[in-house]
Amino acid sequence: MSILLVAKKDFQDAIRSLTLVAVVGAFTAFLAFKTYFEFTMTPMTTTTASDLYQSSANAVAVIGTLLGYKSIVGERESGSLKFLLGMPHTRRDVVLGKFIGRAAVVVVTVIVGFVVVSAHYAVLADSPSLTAYAVLVGKLLVPGVVFVAIALAFSAANRSAMVATWGAIVLAIVFAFAWDTVLNMIESLMLPPDAAIPNWFHLVTRLNPKFFYIDANTLELGNSAPFYLEPWFGGVIVAGWLLIPLGLAYLLFERSDLA
Amino acid sequence: MGAIEASGLTKQYGDVTAVAALDLVVDEGTVFGFLGPNGAGKSTVINCLLDYIRPTEGQISVLGYDAQGETLAVRKRTGVLPQGFDVYDRLTGRQHLKFIIDSNGADDDPEAIAERVGIADAIDRRAGDYSRGMTQRLMLGTALVGQPDLLILDEPSTGLDPEGAHEMREIVREESDRGATVFFSSHILGQVEAVCDEVGILQAGTLVAEDTIDGLRNAIEAETTLTVTVDRVPNAALAAVRALADISEVSATDTTVTVQCADDAKMTVLRKLETAGATVEDFELAKTSLEDLFLAYTDDETGVTSGHDQISEVLTQ
């Protein structure tokens with residue numbers, strides 16, 4: 001109950017932020033451009049809704065990070081955390097409530113963006129599919145929520161908003177760009193060009209929460225795939241990315257002096 | 001059982017000791033004024049009571065609950081007006097009140113509370129547009145939600161004009177009449193004097209006085225500073241005066257003798273000086289007021305040490 005009250009308050013507060021309105025606007029514009037680009041500029045290949053995933057996932061990762069990185073350290077610095085913890089809420093309620101509140105905001109942001117752009121998609125796509133579009137949006141919500149958790153964990157574990165800000169920038173760069181880039185470099189420079197890509201490489205790719213859904217089926221590996229490339233392991237990866245950062249951050253937050 | 005009981009409370013930040021082995025008991029139903037200059041450690045103590053920070057050593061019980069182990073039970077029964085707090089700029093006064101009413105599972109009416117703290121006409125405005133005084137009133141309102149058994153108010157008159165500070169004291173009285181214990185910190189004696197049953201004075205992390213206002217006043221006002229101008233100060237005179245009853249301090253220059261003594265000992269002192277061979281040419285009497293005493297603590301420009309000595313002596317008599 002306490003957790004949901006904190007979540008509701010946080011949602012009410014965050015959803016009124018002008019910065020959020022600007023972020024939703026920018027995201028929608030980006031999505032509109034990307035949809036146009038994917039469906040009209042690449043006539044040689046058949047484009048489907050899922051081709052929008054990779055670039056949207058990067059944008060969603062950045063949005064999740066933006067929503068999370070200041071959520072707790074900001075309240076700690078301003079002093080509103082004293083107001084919050086003057087009430088019968090525990091520090092655990094605050095961490096979880098904030099996470100749920102901000103996760104709800106990222107869900108709303110992504111859905112608003114895609115709903116606005118859906119008309120655009122319906123017109124541009126050769127064979128628009130509502131199911132494919134909905135699957136795309138649903139899949140994107142996962143990294144959205146995971147990046148809220150990671151950034152929020154960073155925010156709970158730090159005393160200074162400056163450190164949290166730099167942390168957020170590093171997180172966004174690592175997950176949205178550096179991880180993919182490094183893997184691409186390994187693939188093209190170090191792996192033998194003719195041989196099949198080794199399973200461990202797929203696992204490392206998949207450990208990035210953006211690519212949690214890559215499994216034996218999407219890779220068309222048949223029945224020979226190890227357990228960590230089975231579909232259910234995606235759930236383990238996502239759960240790990242949610243629980244480990246939030247758990248560690250909670251332990252630090254629980255022990256620290258807030259004033 | 002005390003509403004607040006701290007024993008051996010110590011808080012260190014590295015080498016800096018903010019609070020040193022503090023023992024404090026606040027009885028249930030009292031209005032306790034927690035006085036001290038800025039930086040004396042008042043907020044540190046309050047932050048420990050509310051588990052915002054963890055003491056380095058010592059035990060605190062609030063309303064019979066362990067302040068660190070049973071935080072939730074403490075928060076359920078305590079209304080808090082912290083120092084250095086902030087509100088949620090984008091939420092209205094009503095949303096703040098509603099949030100805390102829901103959090104406490106209380107059935108208060110947000111409008112009635114807003115009315116009580118004087119922000120009824122601004123209840124639907126965003127708290128970010130409130131003045132400092134209005135924010136303070138809103139926060140006081142949130143502290144009143146759910147009829148708490150204990151109110152902890154850290155410098156509650158911050159940002160309030162004299163009228164607002166007066167209204168705040170009225171609310172403290174009403175809450176006390178209802179049966180609540182009020183723990184009220186301030187660096188201004190006048191804020192506390194009018195409403196508090198008891199005061200504790202904190203200086204550099206140590207409680208240097210704990211008494212009722214009347215008790216402090218009596219202790220201080222019974223003391224007189226007698227300054228005597230004499231023709232000379234014979235060798236035996238000072239020792240003779242020191243030997244008298246009810247004398248706390250004697251000092252002398254070439255032609256003046258300064259004596260701190262009980263009010264009715266002053267004639268005995270003068271006679272003793274004459275007997276010792278000095279001729280009294282003139283004398284002056286000065287009483288120490290509660291305000292003088294407190295200023296000695298709160299005003300950094302006046303000698304804090306002398307104030308410290310003064311009250312230690314006063315209180316050990």
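Take B:Arg125 and decide whether it is within 17 Å of the chain's Cα centre (by Cα), open to solvent by 10 Å² or more (accessible area, probe 1.4 Å) and assigned by TED's automatic domain parsing to the domain that holds B:Val26.
Judged against the criteria, B:Arg125 is not a match.
Regarding B:Asp124, is this residue at pLDDT 95 or above and not hydroxyl-bearing (Ser, Thr, Tyr)? First the steps, then the outcome.
On the way: at pLDDT 95 or above: yes; not hydroxyl-bearing (Ser, Thr, Tyr): yes.
Considered against the rule, which asks whether it is at pLDDT 95 or above and not hydroxyl-bearing (Ser, Thr, Tyr), B:Asp124 comes out as yes.
For segment A:106-113, state whether one or more residues are in contact with a Gly (Cβ under 7 Å, 6 or more places away or on another chain), open to solvent by less than 10 Å² (accessible area, probe 1.4 Å) and in a helix (DSSP H, G or I).
yes
Find the strands (runs of 3 or more DSSP E) located wholly in segment B:162-263 whose residues include 1 or more that are over 30 Å from B:Ala6 (Cα atoms), and list them.
On the way: elements: B:181-186, B:198-203, B:206-212, B:223-230, B:247-252, B:256-262.
Qualifying strands (runs of 3 or more DSSP E): B:223-230, B:247-252, B:256-262.
Could you look through segment B:44-74, keep only residues that are open to solvent by less than 10 Å² (accessible area, probe 1.4 Å) and not aliphatic (A, V, I, L, M), and pick out the one that is farthest from the other protein chains (Cβ to nearest Cβ)?
Taking segment B:44-74 as the starting set, the residues that turn out to be open to solvent by less than 10 Å² (accessible area, probe 1.4 Å) are B:45-46, B:48-53, B:60, B:62, B:67, B:74.
If we keep only those that are not aliphatic (A, V, I, L, M) as well, we get B:48, B:51-52.
On the way: B:Cys48: 10, B:Asp51: 8, B:Tyr52: 5 Å.
Selected residue: B:Cys48.
Residues that are farther than 22 Å from A:Pro143 by Cα: list the helices (runs of 4 or more DSSP H) wholly contained in segment A:1-76 that include at least 1 such residues.
A:2-15, A:18-40
When residues of segment B:20-40 are filtered for being at positive phi and surrounded by 24 or more Cβ atoms within 10 Å (Cβ to Cβ), how many remain?
First, pick out the residues of segment B:20-40 that are at positive phi: B:21, B:29, B:36, B:39.
Now drop any that are not surrounded by 24 or more Cβ atoms within 10 Å (Cβ to Cβ), which leaves B:36.
Of the residues in segment B:20-40, 1 are at positive phi and surrounded by 24 or more Cβ atoms within 10 Å (Cβ to Cβ).
Name the single residue, out of those in segment B:4-37 being of a type in the set (Ser, Thr, Tyr) and under 28 Å from B:Val195 (Cα atoms), that is nearest to the chain's Cα centre (by Cα).
The initial filter retains those residues of segment B:4-37 that are of a type in the set (Ser, Thr, Tyr), namely B:7, B:10, B:13, B:17, B:30.
Filter again for under 28 Å from B:Val195 (Cα atoms), leaving B:7, B:30.
Values: B:Ser7: 18, B:Thr30: 13 Å.
If we take residues in segment B:4-37 being of a type in the set (Ser, Thr, Tyr) and under 28 Å from B:Val195 (Cα atoms), then B:Thr30 is nearest to the chain's Cα centre (by Cα).
Looking at B:Val145, B:Val117, can you tell me which residue is open to solvent by less than 30 Å² (accessible area, probe 1.4 Å) and either touching a His at 6+ places or on another chain (Cβ under 7 Å) or within 25 Å of B:Leu189 (Cβ to Cβ) (or both)? First the steps, then the outcome.
Values: B:Val145 fails: either touching a His at 6+ places or on another chain (Cβ under 7 Å) or within 25 Å of B:Leu189 (Cβ to Cβ) (or both).
Exactly one of B:Val145, B:Val117 is open to solvent by less than 30 Å² (accessible area, probe 1.4 Å) and either touching a His at 6+ places or on another chain (Cβ under 7 Å) or within 25 Å of B:Leu189 (Cβ to Cβ) (or both), namely B:Val117.
Can you tell me which condition A:Met1 does not meet? The list is (1) modelled with pLDDT of 90 or more; (2) within 14 Å of chain B (Cβ to nearest Cβ), and all the others hold.
Unmet for A:Met1, out of (1) modelled with pLDDT of 90 or more; (2) within 14 Å of chain B (Cβ to nearest Cβ): (1).
Working carefully through the options A:Ala14, A:Ala49, A:Ala57, find the one that is open to solvent by less than 50 Å² (accessible area, probe 1.4 Å), under 28 Å from A:Ala134 (Cα atoms) and within 14 Å of chain B (Cβ to nearest Cβ).
Details: A:Ala49 fails: within 14 Å of chain B (Cβ to nearest Cβ); A:Ala57 fails: within 14 Å of chain B (Cβ to nearest Cβ).
Just a single option satisfies the conditions, and that option is A:Ala14.
In segment B:1-19, what residues are aliphatic (A, V, I, L, M), away from chain A (no Cβ under 14 Å) and surrounded by fewer than 17 Cβ atoms within 10 Å (Cβ to Cβ)?
Filtering segment B:1-19 for residues aliphatic (A, V, I, L, M) gives B:1, B:3-4, B:6, B:9, B:16, B:18-19.
From what's left, away from chain A (no Cβ under 14 Å): B:1, B:3-4, B:6, B:9.
If the condition is that a residue be aliphatic (A, V, I, L, M), away from chain A (no Cβ under 14 Å) and surrounded by fewer than 17 Cβ atoms within 10 Å (Cβ to Cβ), then B:Met1 is the only one that fits.
Being free of Cβ contacts under 8 Å to residues at least 40 places away in the same chain, small (Gly, Ala, Ser) and open to solvent by less than 30 Å² (accessible area, probe 1.4 Å): is that true of B:Gly205 here? Spell out the reasoning first.
Working: free of Cβ contacts under 8 Å to residues at least 40 places away in the same chain: no; small (Gly, Ala, Ser): yes; open to solvent by less than 30 Å² (accessible area, probe 1.4 Å): yes.
So B:Gly205 fails the test.
From the set of residues in segment B:264-286 that are outside any strand (DSSP E or B) and farther than 20 Å from B:Glu223 by Cα, which is most open to solvent (accessible area, probe 1.4 Å)?
To start, the set of residues in segment B:264-286 that are outside any strand (DSSP E or B) comprises B:264-279.
Checking the rest, the ones that are also farther than 20 Å from B:Glu223 by Cα come to B:274-279.
Numbers: B:Glu274: 93, B:Thr275: 116, B:Ala276: 30, B:Gly277: 33, B:Ala278: 4, B:Thr279: 69 Å².
Among them, the one singled out is B:Thr275.
In the list B:Ser157, B:Ser131, which residue meets the criterion of being open to solvent by 10 Å² or more (accessible area, probe 1.4 Å) and over 25 Å from B:Ala6 (Cβ atoms)?
Details: B:Ser157 fails: over 25 Å from B:Ala6 (Cβ atoms).
The unique qualifying residue is B:Ser131.
For B:Ala67, all conditions in the list (1) within 30 Å of A:Lys8 (Cβ to Cβ); (2) small (Gly, Ala, Ser); (3) within 16 Å of the chain's Cα centre (by Cα) hold save one; what is the number of the exception?
The failed condition is (3).
Per-residue answers, yes or no, for (1) over 28 Å from A:Leu96 (Cα atoms); (2) at pLDDT 90 or above:
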| residue | (1), (2) |
| --- | --- |
| A:Phe201 | yes, no |
| A:Leu207 | no, yes |
| A:Ile214 | yes, no |
| A:Thr218 | yes, no |
| A:Ala225 | yes, no |
| A:Pro231 | no, no |
| A:Ile244 | no, yes |
| A:Leu248 | no, yes |
| A:Ala259 | no, no |
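The values are calculated or read from the model by the stated rules, or taken from the named source; none is laboratory data. Keep in mind that this is a model prediction, so the values were computed, not measured. Heads up, the Cβs are rebuilt from the backbone with ideal geometry, glycines too, and the neighbour counts pull from every protein chain shown. Protein only, heavy atoms only, side chains kept; ligands, DNA and RNA dropped before computing areas. Shrake-Rupley method; radii C 1.70, N 1.55, O 1.52, S 1.80 Å.
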